[in-house]
Amino acid sequence: MVATARALTPARVWWSAVRPATLAASVAPVLAGTAIAVHDGGPRLGAGLLALLAGIAMQVGVNFANDYSDFVRGADTPRRVGPVRAAASGVVAPADVRRAAIAAFGVAAVGGLVLSLVTDWRLVVVGVACLLAGWLYTGGPRPYGYLGLGEVFVFLFFGLVATVGTVYVETLRVTPLAILMACAMGCFATAILVLNNLRDLDTDLAAGKLTLATRIGRGRTRALLLGLVCGAFAIPIVVVVLKLAALSVVLVLLAIPIAAAPVRIAFATPEAPELVRALKRTATAELAYALLFSLGLLL
C-alpha cells in the first residue's frame, strides 16, 4: 500500500482519505429526514442544508481522525488492503492529517452552532457529544473503536442523531416516523462499518485493534451484516402497518437487489478487495434506499 501511495499525488491521497464512497452515510439521513419534514408540514430548507453541511464535515473529520489515530497506534500496516490512508502513505505528513481532522470538526461545530442558535440551544449539547464521539472513536487514551463499540457510535450518531436531528431542525418536532426511519438509516450506516471491519479483520487482529468483528469472529460478523440489512428493509413495512405513512413507502423494497449484492459478497469471500467493493455498494444502497423512501413518502 505504501509503495502505491507514494506513486500518487498529494491531492489523490487526500481525496482517498476522505473516503468519498462512504459519504452517503451523511447524505442519506438528511435526505430521509427532509422528506419526513415535508410530509409533516413543510421544512425549513436552510436548516436542512446546514444539517447536511455539518453531517458531511463531521464524517470527513471522523475519517481523518481515524486515519491519523490508526497510524499513530500502528493499526495501519502495509498488509492492509483498502483506500489509501493519508498518514500512513508517506506522501502526507501525519500532523497535517490531524490538522485536517480538527478543521473538519471545526466546520461541523460552526454549522451545528448556527443550527442551535436558530432552532434550539439544547442542540449545542448534542453537537458537543457528536464532536467528542468523533474524536474519541480512535483517539484519546481509551478509544472505543478499539473496544468493539464503533458500531454503537455509528448507529447512534449517523442514524438516530442525523435523521431525527434533521427532522427536528426543520420542523421542531420529533415523530415516531422520524425515529423508525432513523433506525433504518442507522442500520445501513452500521452495515458500512461492519463491512469495513470485516475487511480489516486479520490486520486489525495482528495490530491489536479489537473491533467488534475481531471479538465475535467472521461468521457472526457476517450474520450481523445480514441482520442489519434485513432490519432496514423491515422498518418501512412496520411504518405502513402502524399507519405512519402511505403504502407507497414500500418503494424502498426496490433497493433490495442493490443491498443484497454486497451481503452475498461478504458471505462468499474473505478477500479484502472484494469487501472493498461490497462496502461501496452498501453505501450506494443506503443512498438508493433514502431516495426511494423520500419518493414514496412524498407521492
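None of the figures in this text is laboratory data; all of them are computed from the coordinates on show. Remember, it's a predicted structure, so these values are computed and weren't measured experimentally. No Cβ is skipped: glycine too gets one built from the backbone with ideal geometry, and neighbour counts run over all protein chains shown.
Shown for PHE155, PHE64, PHE267: other C-beta atoms within 10 Å of each C-beta, ranked fewest to most, produce the order PHE267, PHE155, PHE64.
Couplings 3J(HN,Hα) of the range 149-154, computed from phi: 10, x, 4, 5, 4, 5 Hz, in residue order, whole Hz [Karplus 6.51 cos²θ - 1.76 cosθ + 1.60, θ = phi - 60°; x for Gly and Pro]. Remark: the range 223-239, residue by residue, has Karplus-estimated 3J(HN,Hα) of 5, 4, 4, 4, x, 5, 5, 5, x, 4, 7, 6, 4, x, 5, 4, 4 Hz, where x stands for each Gly or Pro and the curve is 6.51 cos²θ - 1.76 cosθ + 1.60 at θ = phi - 60°.
Taking a ≥ b ≥ c as the square roots of the eigenvalues of the Cα gyration tensor, the chain is oblate, since a/c reaches 1.5 or more and a/b is not larger than b/c. Give a quick list of trypsin sites (Lys or Arg not before Pro) in the range 206-261 that DSSP marks as loop, anything other than H, G, I, E or B, with at most 11 other Cβ atoms within 10 Å. When the trypsin sites (Lys or Arg not before Pro) of the range 206-261 are filtered for loop state and at most 11 Cβ neighbours within 10 Å, LYS243 remain. Relative to the longest principal axis of the Cα atoms of the chain, the long axis of helix 162-171 makes an angle of roughly 40 degrees. Seen against the Cα atoms of the chain and their longest principal axis, helix 94-118 is set at about 10 degrees.
Could you compute the FRET efficiency for LEU298 and LEU253, with r as their C-beta to C-beta distance and R0 at 25 Å, rounded to 0.05?
For LEU298 and LEU253, the calculated efficiency is 0.90.
Between the Cα long axis of helix 24-39 and the first principal axis of the chain there is an angle of about 10°, rounded to the nearest 10. Put in line by how crowded their Cβ is, counting other Cβ atoms within 10 Å and starting with the fewest, THR34, THR9 read THR9, THR34. Taking all Cα pairs closer than 8 Å and separated by 6 or more residues, the relative contact order of the chain comes to 24 percent.
Working note: Karplus 6.51/-1.76/1.60 with θ = phi - 60° gives the range 122-128 the couplings 5, 5, 4, 4, 4, x, 4 Hz, where Gly and Pro are set to x. The sum of -39500 (n - 2.57) across all DSSP H runs of n ≥ 4, divided by the residue count of the chain, sets its helix-only mean residue ellipticity at 222 nm to -24000 deg cm²/dmol. Pull out a ≥ b ≥ c, the square roots of the eigenvalues of the alpha-carbon gyration tensor of the range 160-219, then state rounded if a/c is under 1.5, prolate if not and a/b is larger than b/c, and oblate in the remaining case. Verdict is prolate for the range 160-219.
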